[in-house]
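The values are calculated or read from the model by the stated rules, or taken from the named source; none is laboratory data. The shown structure was predicted, so the numbers you read here are calculated from the model rather than taken from an experiment. Positions of Cβ are generated from backbone atoms using ideal geometry, with glycine treated the same way; all protein chains shown enter the neighbour counts.
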């Protein structure tokens with residue numbers, strides 16, 4: 001009686017192993033890309049919020065009468081922010097290479113007791129995705 005000894009892997013075994021490996025690698029690549037994208041977005045948003053806090057701290061340290069777009073921009077230049085233009089929407093500027101801000105200071109009631117400060121910071125998350133942070137604050141005459 002002749003018995004054939006089974007040695008090695010069959011073609012079916014190898015095909016199944018390769019398919020399982022390809023599926024696993026594809027899933028892991030997708031998960032890692034999602035984590036990377038979320039991490040990048042969180043870092044950019046956190047940086048934009050930090051810039052906004054710096055700007056509002058700068059404004060908080062100014063007297064009420066000194067809080068104008070021109071004076072705030074002058075103060076911001078000392079911490080690395082640059083003014084690019086003044087429009088009807090407000091004062092536009094850049095922070096580094098990736099962040100653009102729009103600052104608008106207005107007296108909503110026209111009585112000279114309250115200044116409404118609006119700050120919007122736009123930034124790129126990736127080549128296709130953009131992010132934005134918009135904060136508002138009131139500065140009152142003490």
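Miscellaneous remarks
Per-residue answers, yes or no, for (1) modelled with pLDDT of 85 or more; (2) within 13 Å of the chain's Cα centre (by Cα):
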position: 83; (1), (2): no, no
position: 91; (1), (2): yes, no
position: 94; (1), (2): yes, no
position: 97; (1), (2): no, yes
position: 105; (1), (2): yes, no
position: 117; (1), (2): yes, no
position: 135; (1), (2): yes, no
position: 138; (1), (2): yes, no
position: 141; (1), (2): no, no
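- Residue in the stretch 17-32 that is modelled with pLDDT of 90 or more and in contact with a strand residue (DSSP E or B) (Cβ under 9 Å, 6 or more places away or on another chain) present: no
- Screening the stretch 67-81 for residues that are in contact (Cβ under 8 Å) with a residue 24 or more places away in the chain and either in contact with a helix residue (DSSP H, G or I) (Cβ under 9 Å, 6 or more places away or on another chain) or part of a strand (DSSP E or B) (or both) and picking the one that is surrounded by the fewest Cβ atoms within 10 Å (Cβ to Cβ) gives 79.
- Taken over the stretch 105-138, the residue count meeting the criterion of being closer than 25 Å to residue 34 by Cβ, in a loop (DSSP other than H, G, I, E, B) and either without any contact (Cβ under 8 Å) to a residue 60 or more places away in the chain or touching a strand residue (DSSP E or B) at 6+ places or on another chain (Cβ under 8 Å) (or both) is 3.
- Selection count where residues are within 16 Å of residue 116 (Cβ to Cβ) and in a loop (DSSP other than H, G, I, E, B), scope the stretch 51-66: 1
- Boolean, residue 84 is in contact with a helix residue (DSSP H, G or I) (Cβ under 7 Å, 6 or more places away or on another chain) and assigned to a strand (DSSP E or B): no
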